[in-house]
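Participant: Following this message is one structure expressed as structure tokens.
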Amino acid sequence: MTSMCISDAIVTLEELLGCLDDAYWEASSLEGKDHFYNLINAIHQEMSELNKLSVQDHNLPYEVICSDFRLATTELGSLTAKPHNSVIRSKTAKRLGQAADALSHLLN
């Protein structure tokens with residue numbers, strides 16, 4: 001299996017950020033909001049590091065840069081398995097599951 005490039009990672013992370021943002025606003029408890037905020041923050045850190053790269057580097061293979069994001073990928077894995085346990089709205093749960101699944105393909 002070929003590894004995905006940095007430009008693919010950026011697209012995947014942007015989609016995941018949008019889904020997590022929706023999930024944050026739809027969360028009914030502070031614990032849920034804190035959970036999604038933690039994931040959003042870790043992805044923002046990773047995106048910030050990726051944005052420092054030149055456009056010519058976007059075709060290089062993607063590797064995780066930030067340690068916080070590496071830790072957050074474990075939590076994101078649980079969203080892939082059961083997105084409906086964390087998100088109430090079915091449309092958001094479906095999008096979040098798809099985005100988390102795309103991320104897991106990116107990381108493998």
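Participant: Please work out the average accessible area per residue across the chain, using the 1.4 Å probe convention, and give it in Å².
Facilitator: 60 Å²
Participant: Excluding same-chain pairs closer than 8 in sequence, count the lysine pairs in the chain whose Cα atoms lie under 25 Å apart.
Facilitator: Final tally of qualifying lysine pairs is 5.
Participant: Which percent of the accessible area of the chain is formed by carbon and sulfur heavy atoms (probe 1.4 angstrom)?
Facilitator: Carbon-and-sulfur percentage of accessible area, whole number: 52.
Participant: What are the GluC sites (Glu not before Pro) within segment 5-89 that DSSP puts in a loop, where the Cβ has at most 16 other Cβ atoms within 10 Å?
Facilitator: Those satisfying the criteria are Glu63.
Participant: Quick one: dipole size for the chain, taken about the Cα centre, charges +1 on Lys/Arg Cβ and -1 on Asp/Glu Cβ, in debye to the nearest 20.
Facilitator: 340 debye
The values are calculated or read from the model by the stated rules, or taken from the named source; none is laboratory data. Everything numeric in this text was worked out from a predicted model, so none of it was measured. Counting neighbours? That spans all protein chains shown, and the Cβs are built from the backbone with ideal geometry, glycine included. Just the protein is used for accessible areas: all its heavy atoms, side chains included, with ligands, DNA and RNA removed. Shrake-Rupley method; radii C 1.70, N 1.55, O 1.52, S 1.80 Å.
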